Ligand SMILES: [Zn+2]
């Protein structure tokens, strides 16, 4: 009976196909072999998977936060559908700043991609973002 010790990179090759996976799978499937892996190898794999999941959760949180800050989830006041917007470059945003140059209010025309009607997007430092019907 032969015994093989699998370090972390060899153990990963069994679960994730890459160069050397065929050799590891051959050892894995041979009933005459006894395979050993340290608890450290298994915990490193679990830790790596947790780190990947944490990174994915962090990126998704950032994407959803950015979408929320840009009013993606606000409803169109005309058709009531959750927004998908485009901007009219002919009508740039109108901004009001205080004496220090800090943005206090901003208004901009957006076009609803669902009903193609004009929406006035308002943002202020005190009231947040709101959408109104625009003519
Ligand atoms: Zn609409």
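The single condition among (1) more than 15 Å from the ligand (Cβ to nearest atom); (2) surrounded by 12 or more Cβ atoms within 10 Å (Cβ to Cβ); (3) outside the structural domain of residue 24 (by TED's automatic domain parsing) that residue 113 does not satisfy is (1). Scanning region 79-90 for residues that are assigned to a loop (DSSP other than H, G, I, E, B) and either at positive phi or touching a strand residue (DSSP E or B) at 6+ places or on another chain (Cβ under 6 Å) (or both) yields 80, 88.
Conditions (1) more than 16 Å from the ligand (Cβ to nearest atom); (2) outside the structural domain of residue 123 (by TED's automatic domain parsing); (3) within 23 Å of residue 122 (Cα to Cα), marked per residue:
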{"residue": "46", "(1), (2), (3)": "yes, yes, no"}
{"residue": "51", "(1), (2), (3)": "yes, yes, no"}
{"residue": "56", "(1), (2), (3)": "yes, yes, no"}
{"residue": "77", "(1), (2), (3)": "no, no, yes"}
{"residue": "80", "(1), (2), (3)": "no, no, yes"}
{"residue": "88", "(1), (2), (3)": "no, no, yes"}
{"residue": "91", "(1), (2), (3)": "yes, no, yes"}
{"residue": "94", "(1), (2), (3)": "yes, no, yes"}
{"residue": "97", "(1), (2), (3)": "yes, no, yes"}
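Filtered by the rule that a residue be over 27 Å from the mean Cα position of the chain (by Cα) and in a strand (DSSP E or B), region 120-135 gives 120, 132, 133.
Residue 60 - would you say it is modelled with pLDDT of 85 or more, within 25 Å of the chain's Cα centre (by Cα) and closer than 30 Å to residue 4 by Cβ? When the stated conditions are applied, residue 60 does not pass them.
Within region 104-119, the residues that satisfy the criterion of being within 15 Å of residue 73 (Cα to Cα) and assigned to a strand (DSSP E or B) are 110, 111, 112, 119.
The values are calculated or read from the model by the stated rules, or taken from the named source; none is laboratory data. If you're wondering where the values come from, they're calculated on a predicted model, not measured in any experiment. Using ideal geometry, Cβ is built from the backbone for each residue, glycine included, and neighbour counts are taken over all protein chains shown.
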